[in-house]
Amino acid sequence: MADSKKKILIVEDEKKISQVIQVNLMMAGYACDVAADGEMGLQMALRGDYDLILLDLMLPKRDGFSVCREVRKTLDTPIIMVTAKEELDDKIMGLEIGADDYVTKPFSVKLLLARIKANIRRYSGEVVENVTPVAADEDKIVIRALEIDNKNFRVTKNGKEIELSNKEYELLYFLASHAGEVFEREELLVKVWGYEGFYGGMRTVDVTMSRLRAKIEDTPAEPEYIITKRSKGYYIPKE
Ligand code: CA
């Protein structure tokens with residue numbers, strides 16, 4: 001649940017999309033207003049009583065970039081830009097003109113909510129959840145030949161050390177410490193990457209996963225440690 005009714009401005013001209021977002025945000029405990037064009041969005045945003053602005057890029061009367069630029073002249077309210085996949089380059093530009101984050105259409109409501117929450121928390125100076133997702137609660141996890149020493153952040157296989165990057169390690173440790181549970185890529189992004197992951201998207205999970213598998217699996221194409229559950233996600237079986 002969101003804390004004490006944070007207020008969100010949705011600037012979106014496609015009614016279907018704004019309605020879906022609005023309903024979901026309200027169910028998550030947020031208060032929201034909707035502006036259906038850029039001009040109206042700007043006027044509402046400039047009132048300055050929103051905790052976050054969800055800003056579509058292609059809008060009638062004034063586009064998302066222009067709205068973002070104008071808002072930034074006077075306010076530092078968190079802005080999440082909403083862009084279509086084919087406007088990928090615009091994403092980068094969105095961040096350059098002062099947006100804090102972006103999501104790509106079509107987006108999952110779950111991920112959108114996670115980003116909204118993270119941006120509001122970051123802005124209000126609250127601690128962002130899952131920034132250090134790997135808690136040192138279990139010092140050592142052994143999965144057959146694989147040994148994860150969470151005190152020294154070392155992973156060995158048959159006693160031989162495997163060099164992992166920080167994220168490869170955190171991903172492995174996260175799955176290992178939740179053995180038997182299946183995680184969707186989006187969940188992994190939120191749980192393992194926390195806020196940082198939002199800039200990389202799902203590809204981040206795929207890339208890290210394939211690097212990790214290349215290092216820990218005997219045959220990465222037929223993984224025995226980290227298993228893919230078709231159209232569900234990844235997991236390490238409970239032994
Ligand atoms: Ca639009």
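For the range 6-34, which residues satisfy the criterion of being assigned to a strand (DSSP E or B) and either surrounded by fewer than 23 Cβ atoms within 10 Å (Cβ to Cβ) or within 16 Å of the ligand (Cβ to nearest atom) (or both)? Passing the criteria: Lys7, Leu9, Ile10, Val11, Ala31, Cys32, Asp33, Val34.
Within the range 35-49, restricting attention to residues that are outside any helix (DSSP H, G or I) and within 16 Å of the ligand (Cβ to nearest atom), the residue that is nearest to Leu75 (Cα to Cα) is Ala35.
Is it the case, given these coordinates, that Arg211 is open to solvent by 60 Å² or more (accessible area, probe 1.4 Å), under 30 Å from Asp101 (Cβ atoms) and outside the structural domain of Ile116 (by TED's automatic domain parsing)? Answer is yes for this residue. Residues that are of a type in the set (A, V, I, L, M, F, W, C), more than 12 Å from the ligand (Cβ to nearest atom) and open to solvent by 20 Å² or more (accessible area, probe 1.4 Å): does the range 70-79 have at least one? Yes, there is a match, as at least one residue in the range 70-79 is of a type in the set (A, V, I, L, M, F, W, C), more than 12 Å from the ligand (Cβ to nearest atom) and open to solvent by 20 Å² or more (accessible area, probe 1.4 Å).
In the range 120-153, the qualifying residues are those that are of a type in the set (Gly, Ala, Ser) and modelled with pLDDT of 60 or more, and the one that is farthest from Lys5 (Cα to Cα) is Ala145.
The values are calculated or read from the model by the stated rules, or taken from the named source; none is laboratory data. These numbers were taken from a predicted model, which means no experiment stands behind them. Quick reminder, even Gly has a Cβ in these numbers, built from the backbone with ideal geometry, and neighbours come from all protein chains shown. These accessible areas exclude ligands, DNA and RNA; they are computed on the full protein's heavy atoms, side chains included. Shrake-Rupley method; radii C 1.70, N 1.55, O 1.52, S 1.80 Å.
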